[in-house]
């Protein structure tokens, strides 16, 4: 809907500002309350955020001491202390389908990633005859078709290429995505912020691609084409709604500026292998930009399911910014050397710093009567723990957010040895309102959460 004026009946929830080459959905406003009361549900939207970290975790640095509410943050989780009341640390869950069967190739990373969200053992192959199973994010996303513009969003920070071999005996389709629409359909994940931005706010109805290209080349904001409609909209909104719209549009513009800066930087520098133009030069800038895009996607309800592979399996990125020049994957095979494990812990803690940034953005973004953090379930973790042994037991996992009142934070829960990770996914799907009888090797929901 193109906004021309606001009537006493209020704004429809799906109001958009449409301009040449741009479609800007609006966040939930007070002016939308009358229409919500006469049709659409006023209950806050349930959202699911899945963040994957490959290469395991530093053994001894992740798991907190103590259980229940009487737990102490571990060194890796320390950056999340400000969100303690919104945090549930999970210990004891296993990714058993990620284990090697007799006679299979030695590559462990190619098994754990596809099993992480499916609970199914992937077929070892370096060719295109790969086979895994539908993942829980796609089960959730299928329920959102017709509810949101995008049923799900799949993002990453490193190469999204699904072709070739990336692990011994395993195709890159097994390591460069964790999302599968079906047993033979791995979904590519997007690592270019410009592509994500255009997907969220570009006008897919335009038949003239020259419009988009000219706008980018002239460094004009997508907001320029909706400026007049924004002005008319603001005239008819209350003070709180005007402030909310202004902050939202400024957040869009801020993200757009940072993408433009990254593109300008890419034009000046020599090309980097596997890094498209538009990707910021540092890990932190890239991660924060992708997190900001996720917040915007939730804020305007373009999607309610986002999967973000922040660290892919076999990632060899180094982190000199935190004093670790070792390649990540090589360091994860530390051989039990304490100094190497300590350096790996620095990398893990740096990643949780990025998670803390995301949680703070969610907490500071209003959503109905609460914040986005109140209304989202964030699962953060990986498919193996001690990566030196490709160990898929006792995974490094945590939940964050309020889950629309369904998650009670401030706890460390230790589950019985051998409890399937798929039980957690079954539980989260249930809290999303997605009835699922079984997922992979699941045996039932986790009543403790």
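Scanning the range 333-346 for residues that are in contact (Cβ under 8 Å) with a residue 40 or more places away in the chain and in contact with a helix residue (DSSP H, G or I) (Cβ under 6 Å, 6 or more places away or on another chain) gives 334, 344. Residues in the range 54-72 that are free of Cβ contacts under 8 Å to residues at least 24 places away in the same chain and assigned to a strand (DSSP E or B): 65, 72. Out of curiosity, is residue 374 under 20 Å from residue 405 (Cβ atoms) and either more than 19 Å from the chain's Cα centre (by Cα) or assigned by TED's automatic domain parsing to the domain that holds residue 245 (or both)? In short, no.
For the condition modelled with pLDDT of 95 or more, over 19 Å from the mean Cα position of the chain (by Cα), outside any strand (DSSP E or B) and more than 30 Å from residue 124 (Cα to Cα), what is the one hit in 79, 75? Explain how you work it out, then say what you get.
On the way: 79 fails: over 19 Å from the mean Cα position of the chain (by Cα).
Being modelled with pLDDT of 95 or more, over 19 Å from the mean Cα position of the chain (by Cα), outside any strand (DSSP E or B) and more than 30 Å from residue 124 (Cα to Cα) holds for just one of 79, 75, which is 75.
Cβ-Cβ distances below 6 Å connect the following pairs, each with a first residue in the range 238-254 that is more than 17 Å from residue 222 (Cβ to Cβ), a second residue that is not in a helix (DSSP H, G or I), and a separation of six or more residues or different chains: 241/29. Given the criteria over 21 Å from the mean Cα position of the chain (by Cα) and part of a loop (DSSP other than H, G, I, E, B), does residue 301 qualify? No: the conditions fail for residue 301. The strands (runs of 3 or more DSSP E) located wholly in the range 331-449 that include 2 or more residues which are farther than 28 Å from residue 296 by Cβ occupy 411-420.
Does residue 382 qualify as being assigned by TED's automatic domain parsing to the domain that holds residue 95, within 22 Å of the chain's Cα centre (by Cα), in contact (Cβ under 8 Å) with a residue 40 or more places away in the chain and under 20 Å from residue 449 (Cβ atoms)?
Values: assigned by TED's automatic domain parsing to the domain that holds residue 95: yes; within 22 Å of the chain's Cα centre (by Cα): yes; in contact (Cβ under 8 Å) with a residue 40 or more places away in the chain: yes; under 20 Å from residue 449 (Cβ atoms): yes.
The answer is yes for residue 382.
The residue that is farthest from residue 435 (Cα to Cα), among those in the range 181-191 that are surrounded by fewer than 19 Cβ atoms within 10 Å (Cβ to Cβ) and touching a residue at least 12 places away in the same chain (Cβ under 8 Å), is 190. Exactly one residue out of 88, 51, 134 is in a strand (DSSP E or B) and surrounded by fewer than 22 Cβ atoms within 10 Å (Cβ to Cβ), and it is 88. Every listed requirement among (1) over 18 Å from residue 92 (Cβ atoms); (2) surrounded by fewer than 21 Cβ atoms within 10 Å (Cβ to Cβ) is met by residue 390 save one, (2). Restricting attention to the range 279-291 and to residues that are surrounded by 20 or more Cβ atoms within 10 Å (Cβ to Cβ) and in contact with a helix residue (DSSP H, G or I) (Cβ under 7 Å, 6 or more places away or on another chain), the residue that is modelled with the lowest pLDDT turns out to be 279. Can you find a residue that is under 18 Å from residue 99 (Cα atoms), touching a residue at least 12 places away in the same chain (Cβ under 8 Å), surrounded by fewer than 22 Cβ atoms within 10 Å (Cβ to Cβ) and touching a strand residue (DSSP E or B) at 6+ places or on another chain (Cβ under 9 Å) anywhere in the range 167-180? Within the range 167-180 (the criterion being under 18 Å from residue 99 (Cα atoms), touching a residue at least 12 places away in the same chain (Cβ under 8 Å), surrounded by fewer than 22 Cβ atoms within 10 Å (Cβ to Cβ) and touching a strand residue (DSSP E or B) at 6+ places or on another chain (Cβ under 9 Å)), the answer is yes, since at least one residue qualifies.
The values are calculated or read from the model by the stated rules, or taken from the named source; none is laboratory data. Source: prediction; values computed, not measured. Neighbour counts run over all protein chains shown; Cβ positions are idealised from the backbone, glycine included.
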